[in-house]
């Protein structure tokens, strides 16, 4: 059984150390206080990529390029990602154009490029932020009436102003399982339409 547990250590994008804090997403006062807290940090995402610290030559350790929330425009729509054990809140800023940010000491990278090199905190933040960014880009209109939806619940919901419906990102967990018996034989399944053998 110990060998099987070691296999889970290789799931680099399933790591995370920041609690999602769902209970605070709809609390406008709490959100406003965290957006004014200089300890709160913002990561920037755009079209499946995030800003990471360093240049391409800095491949030893990669980290998210986190900006103090007080350095982000007050009217920016920020997705609340969670709070760590030190009570630091994390947000994502969803940019339409990556050129709108100074990248002198950072570079844009996607999960395939840097996911395995990130620590648990940054991997969890990036996976969540990129997934929410993708959802926000592809679900801008209400599926019921077609009206443009509005940012809601700190980025975890989109609300239709015309019919009042709320829309949420899909969460489709994927699980791959190998079923073995005591003789170390694997149970395999196949579709009936596949060729025999």
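Each value in this text was obtained by applying a stated rule to the coordinates, not by laboratory testing. The shown structure was predicted, so the numbers you read here are calculated from the model rather than taken from an experiment. Positions of Cβ are backbone-derived with ideal geometry, glycine not excepted, and every protein chain shown enters the neighbour counts.
To make sure I understand, if each residue's beta carbon is the centre and we count other beta carbons within 10 Å, what order do 122, 184 fall in, fewest to most?
Result, fewest neighbours first: 184, 122.
Output the antiparallel fraction of DSSP beta bridges having both residues in the chain, as a percent to the nearest 5.
Among the beta bridges of the chain, antiparallel pairing accounts for roughly 80 percent.
At a Förster radius of 35 Å, what calculated FRET efficiency corresponds to the Cβ-Cβ distance of residue 137 and residue 194, to the nearest 0.05?
Plugging the Cβ-Cβ distance into 1/(1 + (r/R0)^6) gives 0.45.
Can you put 104, 128 in order, fewest other beta carbons within 10 Å first?
104, 128
Picking from 130, 177, 18, which is most flexible by a Gaussian network model of the chain using Cα springs under 10 Å?
177
Quick check of the Kirkwood formula: for segment 146-194, what is the inverse mean of 1/r over all pairs of different Cα atoms, in Å?
When all Cα pairs of segment 146-194 are included, the Kirkwood radius is 15.2 Å.
To test your reading of the geometry: what angle, between 0 and 90 degrees and rounded to tens, separates the Cα axis of helix 120-138 from the longest principal axis of the chain?
80
What is the pair-distance distribution P(r) of segment 100-145, computed from all Cα-Cα distances in 10 Å bins starting at 0, with each bin given as a whole percent?
Result, from short to long distances: 21, 40, 27, 11, 1 percent.
Sort 30, 194 by Cβ crowding within 10 Å, fewest neighbours at the top.
Neighbour counts put them in this order, fewest first: 194, 30.
Specify whether the C-alpha gyration tensor of segment 105-185 places it in the rounded, prolate or oblate class, a ≥ b ≥ c being the square roots of the eigenvalues: rounded for a/c under 1.5, otherwise prolate if a/b is larger than b/c and oblate if not.
oblate
Sort largest first and round to whole Å: the equivalent ellipsoid semi-axes of segment 64-131, each the square root of five times a Cα gyration tensor eigenvalue.
Largest first, segment 64-131 gives 18, 17, 11 Å.
With runs of 4+ DSSP H residues as the only contributors, calculate the mean residue ellipticity of the chain at 222 nm using -39,500 (n - 2.57) per run, divided by the residue total and rounded to the nearest 500.
Theoretical 222 nm ellipticity from helices: -5500 deg cm²/dmol.
Put one equal scatterer on each alpha carbon of segment 9-140, apply the Debye formula with no solvent term, and list log10 I(q)/I(0) at q = 0.10, 0.15, 0.16, 0.22 1/Å to two decimals.
For segment 9-140 at q = 0.10, 0.15, 0.16, 0.22 Å⁻¹, log10 I(q)/I(0) is -0.29, -0.68, -0.78, -1.48.
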